[in-house]
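The values are calculated or read from the model by the stated rules, or taken from the named source; none is laboratory data. None of these values were measured; they are calculated from a predicted model. Reconstructed Cβ throughout: ideal geometry from the backbone, glycine too, with neighbour counts over all protein chains shown. The protein model used for the area step is the full one, side chains on, heavy atoms only, and it has no ligands, DNA or RNA in it. Shrake-Rupley method; radii C 1.70, N 1.55, O 1.52, S 1.80 Å.
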Amino acid sequence: MDWKLELVPIPVSDVERAKRFYSEQVGFAVDHDTRVGGDVRIVQLTPPGSGCSIVIGAGTGVRQAEPGTVQGMQLVVPDIEAARAQLVAHGVAAGPVQHLEDGAMAEGPGEPWNSFVFFNDPDGNGWAVQERPPGAQA
């Protein structure tokens with residue numbers, strides 16, 4: 001039996017601001033933006049090439065953690081420098097390319113699977129972008 005992770009909730013304080021950030025700046029596709037009743041809004045977004053989406057929402061009955069409390073969400077890309085350049089070009093405050101060395105983060109790319117860029121959404125939810133080696137499956 002396959003168990004596929006397909007949707008991860010990301011707590012945000014302003015759905016419209018978060019939708020703009022994830023779609024216009026990070027490049028996620030907006031799968032749907034649904035309003036239910038007067039005050040419930042659910043927005044689902046998917047990173048390019050991903051089988052897993054995120055959901056942001058607000059309104060009565062929408063359960064969510066405190067905005068900014070999700071840390072360590074990870075995206076995997078084939079070219080870390082190109083990914084960082086794309087984020088920065090779209091106004092995302094992405095950190096430099098780093099790698100893990102002797103238990104601490106060091107500047108510059110590392111060995112296979114050891115090159116990262118970090119950024120936060122407007123609420124402080126933390127993301128990592130990791131480079132996969134050529135030919136490796138994400």
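Yes/no matrix, rows are residues, columns are (1) open to solvent by less than 60 Å² (accessible area, probe 1.4 Å); (2) over 14 Å from ASP123 (Cβ atoms); (3) in contact (Cβ under 8 Å) with a residue 60 or more places away in the chain; (4) in contact with a Pro (Cβ under 9 Å, 6 or more places away or on another chain):
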| site | (1), (2), (3), (4) |
| --- | --- |
| MET1 | no, yes, no, no |
| VAL8 | yes, yes, yes, no |
| ALA18 | yes, no, yes, yes |
| PHE21 | yes, no, yes, yes |
| PHE28 | yes, yes, no, yes |
| THR46 | yes, yes, no, no |
| CYS52 | yes, yes, no, no |
| GLY57 | yes, no, no, yes |
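Taken as a whole, the structure leaves GLN71 outside the set of residues that are closer than 22 Å to GLU24 by Cβ and either of a type in the set (Lys, Arg) or open to solvent by 70 Å² or more (accessible area, probe 1.4 Å) (or both). Does region 41-48 contain at least one residue that is part of a strand (DSSP E or B) and over 20 Å from LEU75 (Cβ atoms)? For region 41-48, residues part of a strand (DSSP E or B) and over 20 Å from LEU75 (Cβ atoms): present.
Which of the residues spanning region 106-126 are of a type in the set (Gly, Ala, Ser) and at positive phi? Of everything in region 106-126, those that are of a type in the set (Gly, Ala, Ser) and at positive phi turn out to be GLY108, GLY124.
On the basis of being open to solvent by 60 Å² or more (accessible area, probe 1.4 Å) and in contact with a Gly (Cβ under 8 Å, 6 or more places away or on another chain), does GLN86 make the cut? Judged against the criteria, GLN86 is a match.
Among the strands (runs of 3 or more DSSP E) confined to region 60-138, the ones with at least 1 residues that are more than 30 Å from GLY37 (Cα to Cα) and under 17 Å from the mean Cα position of the chain (by Cα) are located at 73-77, 116-120, 126-131.
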